[in-house]
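Since the structure comes first, as structure tokens, the remarks are kept for the end.
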Amino acid sequence: MVVALALPLVVPAIITAVLWLLPGDPAEIICPPEICDGTEALAASFGLDKGPAQFYLRWITSAARGELGNSWRIMQGFPVAELIWESLPTTALLALMALVPLTFGGVAAALGWLSSRLDAVWQAVGLAPAVILALVCAAFVEINFGARSYDGVAGWLRLGLGAGVLALADGALAATVMGTRASFEEEVKQRYIQIARLRGESAVANALPNLLPALVGQTRARVLHILSGTVVVEVVLGIPGLGELLFDGTLAQDFGVVLAATWAFSLLSALLLLGQAGVEVAVALWVRRAPRLAELPA
Amino acid sequence: MSVQTPSTARWLPALGLACVVLLAGSTVAYYDEALPSTLNPMFARTMVDRRSQELVFDRLFYRSAITNELKSNLVTEFEHLEGNTKLKVTLREGVKWHDGKSFGPADVCFTVEALLNSPSEVARDFAESLVGCESIPRERAAVITFSKAFHNARERAAFSVLPKHHFKSSTLQPHAEFSSRPVGTGPMRAVRHKREVRFNAFPNAHHNPKISEMSLSEGLDPYVQVKTLLNGGVQGLVAVSPPHRPEVAASDDVALKSYDLRSWWFVALNPSTPALADRRVRQAINATLDRTVLRELTIGVDPGDSNPPCEFVSGPFVQSSPYYNRSVKVAERSDRSKARALMREAGATMEAGRWVWGGAPVALRIGMNSPLNVEARDLLNQIGNQLQAGGFDSQVYKVNADDWVQKAVTGRLIDQYDALVGKWSFGVVEEVNQMFHSRDGAGRGAFNIFNYDNAEVDQILQRYTAARTDTEAQDAYHDLHALLAVDLPYLFLWKLDTKSAWRNEVRNNTISPFYYFTEFDGWRL
Amino acid sequence: MNRRTAALLLAAALLAALLAATAVAPPYLSVPVPERAYLGPFEAPPFGLDERGVPLHEIALQGAAIVTVPAILSGLLVMVLATFAGLVRCAGIGWVDGVIQVGSELVGALPRLVVVLVVALLLPKEWKVLLPIGLAWAVLAAPGAMDEAAAYAGRIGGARFVEALRAHGFSRWRIYGYHVIWLNLRPVIVRQGAEVTMQVVFLEIALSYLALRQNEPSFTHADSEFSWASLLYKGYTALLGVPLLHALWLGLALVAAVAILAQSVRYAARAR
């Protein structure tokens, strides 16, 4: 919980420190004093003239109000908040679509529908790095729809293929299937499950509440893994999401965009952490409300 | 060697899609080398910026690509006053800004004020010549005052006009929303999106564009760009990379057209590097480079080609320029014996195949503007290899486009590089003063990459500035050419013809030198 | 020969090949020969030539030189950190364990490539090598590895396990070095190390590919060198019709070799 609350505050602080650690004055990058008279005015307008602490405080308080300033370089003058609002849903949709096969895979593994003999297949596919799968998909889309195909069927295909890459590459699906199966297999060996079976109850239904915090933790790790992969997948497949925005901002040293994009990622991570904590609390409360042994009918 | 063509079947869907796009509306899509960094002409930095802004704004004067005479879409009459130190312009009636407001003399004077007050390279360029402006609303005229009498006064006033009503002050800032959503008087209205720039036609008293929509996208891989063009996914490419020109030229549906950028490629040398402070070392490096081999390996020009797209230059002008001094010959081939003699004369010794000067090996950190790699593949490494073979240790680095524009050309990489490979492009006014004049507090030498300082060169440049006739200007620059070819603050490489490619559906597409879209009113589908 | 030995021999052979490639990698590529462009492996062995007539094997060698040492060092860093976490759990030093937990939560809460991009932004041009980025990746991967190692140490009994072995008269060095690390933690830490090594190689390919695609200077190596990403980029154009499929196969084979190396190491080190 503490980490979840600290993350959106810590990340912009680190980026601000990076900004000041880099050689040169950020305002001079945009307006070199050798040929430009207004560097001081520019620094003042960006809030760069009063040092890192003031800059950070000004930025974080504006960000809390939804004001993320204008892009410094990649789309000069364009409000960063608009860039983020345009990009965030795409990345969120990409991550959600990538979670679908992972969720199905986890459920199937938990219910014993996926044979462990197939694990070698998932592992083999998972050895392929995301960049390779993404470039094959990008070539497929460009061959069939042309290079400028971002709307309609081609746009959805890019998203779908990107989600597939994120789900399969770098061992994501393999880890989900094998990890979930291992968790359930370990849990069903517990005595209470054996007793539940004797009572005619489902092993999975009994194990699930106890495993839920661990599963949610694993899911959070998967989502983080997926979000990390979105940078590569979005750039290669030309999906206009947060990862592509962050990459462009990094290349152009557009700190307005980098700050906002990394902050958006940290907010997503914080939400995931809060979600996990919420599930853990809910399970704990549910377990606490379960009837005591003494209250069971004779 | 020709490139294998993929089976047609795979490209049919793309072709079909292209036809639908074409039939649905007269939208012309084209690739440029990047998206513009800004649509505000006050802060134009790259050629992409200038080309895009040419569609959105009118310059007060421009040179016709057809007749080469100076014309104006905004000015109906002009008059030189007070011995050419003032220019009175009477403006056309009925011209509207893209937001519907009327254009007038106040806008011209506001633009002059902005050029004098705003923090930008473009403003600095014009501010050298301009002093002020007086608006005469009753005559619909403005009087522009220059710092002195210029022989080419109208060219000195060829700035893009900005709308006064859109700004709170004449000190413009680069990050304002105007940079993405500009308001001009040009034939097209523009909005910059993340992946493209969309232009929509804006008929006006002085413009009647026949193409209703344009879309500019960033072209990444040159091969993909060409394939997309040939299959109708886009209608144009601003710059076709040399290895793909034969394939484009062979197509019946596409025409290759010349785009005169008046650009030349160079290797700037850093005189603050101890070894390079000695002119003889610079001359030795010049003699080490084999330009013919470089051209063959990186651009793909056959040495036997009688009409190469890549023409060597011996100074800071292209051969077709009136300023080019034809008596200065180009060193097309390396001359290793000459290089050795020069280095020995400079006091260097050869140890284990490496030149040692002043007790230390001559080691060069060479940077190159990264996007140039598309036009001249692997040029950086080939230059490094040739210098290495000649006894000069080299480390090569690519400089990204942003750092090039922000730092390299403004002289802020002087401590990080010993040599920088780049390309200069010139507009209407082919002036090189800012590159070679010593950098001073008065704004001269703003683009002097390595703070080159030569009093004789400064004098010649001042002669050029003071010239009252074209002949005086040409004489000054001829002398400059001759001096720079000996002093070598730059190694001058070549001029590479830029070729655009447009599908035949786009008709009457006259491409203007430098600004590209100046004659856009004539373009049609 | 059992499977474990076979895996060990395979891993050793692949590692030796990578290290040898690093040692013999040419500092510069050969001069292009345009007349011989696009020749395949049969016309121009061993792996053919690219679109400029440059031998692909030279690019493969340079790529190996770029990734091998930084990837191995990054894997070793993760192994050291995971070992430390496991030992701390066995030693029962509660406050250190707590600090590791909190640090792990914080570091592990951000998407890794996002952090790595910011690190790449910070690096000055003289530091454009893979090692700092690889080490940053290793630090970001360490929380998971440390968690797993600590959990494993907890499952074998933690401090009680150590206490029991002390009661048998074994020295601390023997207990921690042999019983804890070699007999019990080894499969976990070696697996984590091998995975991170593989991930760093793939990270380099991804970052270099992105830079190539955007026509930008490299994040991970000198601009005079060529990464395995160049092969994949040529392979991508091959998918679009350029006759460079042999470059794609070579790139995929190199990626597969690294993956097989990581899996072989993992298999060889697994618990009996």
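The values are calculated or read from the model by the stated rules, or taken from the named source; none is laboratory data. All of these numbers come straight from a predicted model, not from anything done at the bench. Neighbour counts run over all protein chains shown; Cβ positions are idealised from the backbone, glycine included.
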Assess whether residue A:131 counts as being within 28 Å of residue C:256 (Cβ to Cβ), touching a residue at least 12 places away in the same chain (Cβ under 8 Å) and either in a helix (DSSP H, G or I) or within 14 Å of chain B (Cβ to nearest Cβ) (or both). yes
Among C:10, C:73, the single one that is within 26 Å of residue C:133 (Cα to Cα) and part of a helix (DSSP H, G or I) is C:73
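What is the residue count in the stretch B:86-138 for residues that are of a type in the set (A, V, I, L, M, F, W, C) and in a strand (DSSP E or B)? I'd like the intermediate steps shown before the answer.
Of all residues in the stretch B:86-138, those of a type in the set (A, V, I, L, M, F, W, C) come to B:87, B:89, B:91, B:95, B:97, B:103, B:106, B:108-110, B:112, B:114-116, B:122-123, B:126-127, B:130-131, B:133, B:136.
So of that shortlist, the ones also in a strand (DSSP E or B) come out as B:87, B:89, B:91, B:130-131, B:133, B:136.
Here the count works out to 7.
Within the stretch C:226-238, can one find any residue that is in a loop (DSSP other than H, G, I, E, B) and either among the basic types (Lys, Arg) or more than 11 Å from chain B (Cβ to nearest Cβ) (or both)?
yes
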Hey, among A:158, A:117, A:148, which residue is within 9 Å of another protein chain (Cβ to nearest Cβ) and of a type in the set (Lys, Arg)? A:148
If I ask for residues that are touching a Phe, Trp or Tyr at 6+ places or on another chain (Cβ under 6 Å) and either surrounded by fewer than 24 Cβ atoms within 10 Å (Cβ to Cβ) or not hydrophobic (A, V, I, L, M, F, W, C) (or both), which ones from the stretch B:178-195 would you list? B:180, B:183, B:184, B:185, B:186, B:187, B:189
Qualifying positions in the stretch B:16-43 - more than 10 Å from every other protein chain (Cβ to nearest Cβ), modelled with pLDDT of 90 or more and out of contact with any strand residue (DSSP E or B) (no Cβ under 6 Å at 6 or more places or on another chain): B:42
Please work out which one of (1) more than 29 Å from residue B:128 (Cβ to Cβ); (2) modelled with pLDDT of 75 or more; (3) within 14 Å of another protein chain (Cβ to nearest Cβ) is the condition residue A:66 fails and give its number. (3)
In this structure, is residue B:116 farther than 26 Å from residue B:513 by Cα and at pLDDT below 90? no
Are any residues in the stretch B:65-103 touching a Leu at 6+ places or on another chain (Cβ under 8 Å) and either over 11 Å from residue B:185 (Cα atoms) or at pLDDT below 95 (or both), and if so, which ones? B:72, B:75, B:76, B:78, B:79, B:80, B:81, B:87, B:88, B:89, B:91, B:92
Return only the number of the condition from (1) within 14 Å of chain B (Cβ to nearest Cβ); (2) within 30 Å of residue C:135 (Cα to Cα); (3) buried (at least 18 other Cβ atoms within 10 Å of the Cβ) that residue C:56 does not satisfy. (1)
Of all residues in the stretch B:166-194, which are assigned to a strand (DSSP E or B) and either within 23 Å of residue A:256 (Cα to Cα) or free of Cβ contacts under 8 Å to residues at least 60 places away in the same chain (or both)? B:191, B:192
Working only within the stretch A:237-277, note down all residues that are in contact with an Asp or Glu (Cβ under 8 Å, 6 or more places away or on another chain) and more than 11 Å from chain C (Cβ to nearest Cβ). A:240, A:241, A:257
Residues of the stretch B:151-199 satisfying the condition of being among the β-branched types (Val, Ile, Thr) and modelled with pLDDT under 90: B:171
Flag for residue B:134 being touching a Cys at 6+ places or on another chain (Cβ under 8 Å), free of Cβ contacts under 8 Å to residues at least 60 places away in the same chain and farther than 17 Å from residue B:41 by Cβ: yes
So residue C:251 ticks every box in (1) in a helix (DSSP H, G or I); (2) touching a residue at least 24 places away in the same chain (Cβ under 8 Å); (3) in contact with a Ser or Thr (Cβ under 9 Å, 6 or more places away or on another chain) but one. Which box is left unticked? (2)
All but one of (1) crowded, with 19+ Cβ neighbours inside 10 Å; (2) under 30 Å from residue C:189 (Cβ atoms); (3) within 14 Å of another protein chain (Cβ to nearest Cβ) hold for residue C:51; state the number of the condition that does not hold. (2)
Being more than 23 Å from residue C:54 (Cα to Cα) and within 22 Å of the chain's Cα centre (by Cα) is the filter here; which residues of the stretch B:288-309 pass it? B:308, B:309
Name the one entry in C:155, C:191, C:160 that is among the charged types (D, E, K, R) and more than 14 Å from every other protein chain (Cβ to nearest Cβ). C:160
Residue satisfying all of: in the stretch B:370-386; touching a residue at least 40 places away in the same chain (Cβ under 8 Å) and either under 20 Å from residue B:488 (Cβ atoms) or part of a helix (DSSP H, G or I) (or both); nearest to the chain's Cα centre (by Cα) among these: B:372
Assigned to a helix (DSSP H, G or I), within 14 Å of chain C (Cβ to nearest Cβ) and not acidic (Asp, Glu): which single residue out of B:294, B:342 fits that description? B:294
Residues that are under 18 Å from the mean Cα position of the chain (by Cα): find the helices (runs of 4 or more DSSP H) completely inside the stretch C:113-219 holding 2 or more of those. C:130-155, C:186-213
Within the stretch A:80-94, can one find any residue that is within 13 Å of another protein chain (Cβ to nearest Cβ), at pLDDT 85 or above and exposed (fewer than 15 other Cβ atoms within 10 Å of the Cβ)? yes
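Yes/no matrix, rows are residues, columns are (1) in contact with a His (Cβ under 6 Å, 6 or more places away or on another chain); (2) among the charged types (D, E, K, R); (3) within 30 Å of residue B:236 (Cβ to Cβ):
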{"residue": "B:56", "(1), (2), (3)": "no, no, yes"}
{"residue": "B:61", "(1), (2), (3)": "no, no, yes"}
{"residue": "B:106", "(1), (2), (3)": "no, no, no"}
{"residue": "B:120", "(1), (2), (3)": "no, no, yes"}
{"residue": "B:124", "(1), (2), (3)": "no, yes, no"}
{"residue": "B:127", "(1), (2), (3)": "no, no, no"}
Output for the stretch C:30-42, where each listed residue is under 21 Å from residue B:293 (Cα atoms) and touching a strand residue (DSSP E or B) at 6+ places or on another chain (Cβ under 8 Å): C:30, C:33, C:36, C:37, C:38
Being touching a residue at least 40 places away in the same chain (Cβ under 8 Å) and under 25 Å from residue B:243 (Cα atoms) narrows it down to one residue among C:27, C:41, C:32; which is it? C:41
What single numbered condition from (1) within 14 Å of another protein chain (Cβ to nearest Cβ); (2) without any contact (Cβ under 8 Å) to a residue 24 or more places away in the chain; (3) under 22 Å from the mean Cα position of the chain (by Cα) fails to hold for residue A:77? (3)
Filter pass, residue B:284 being of a type in the set (A, V, I, L, M) and surrounded by fewer than 20 Cβ atoms within 10 Å (Cβ to Cβ): no
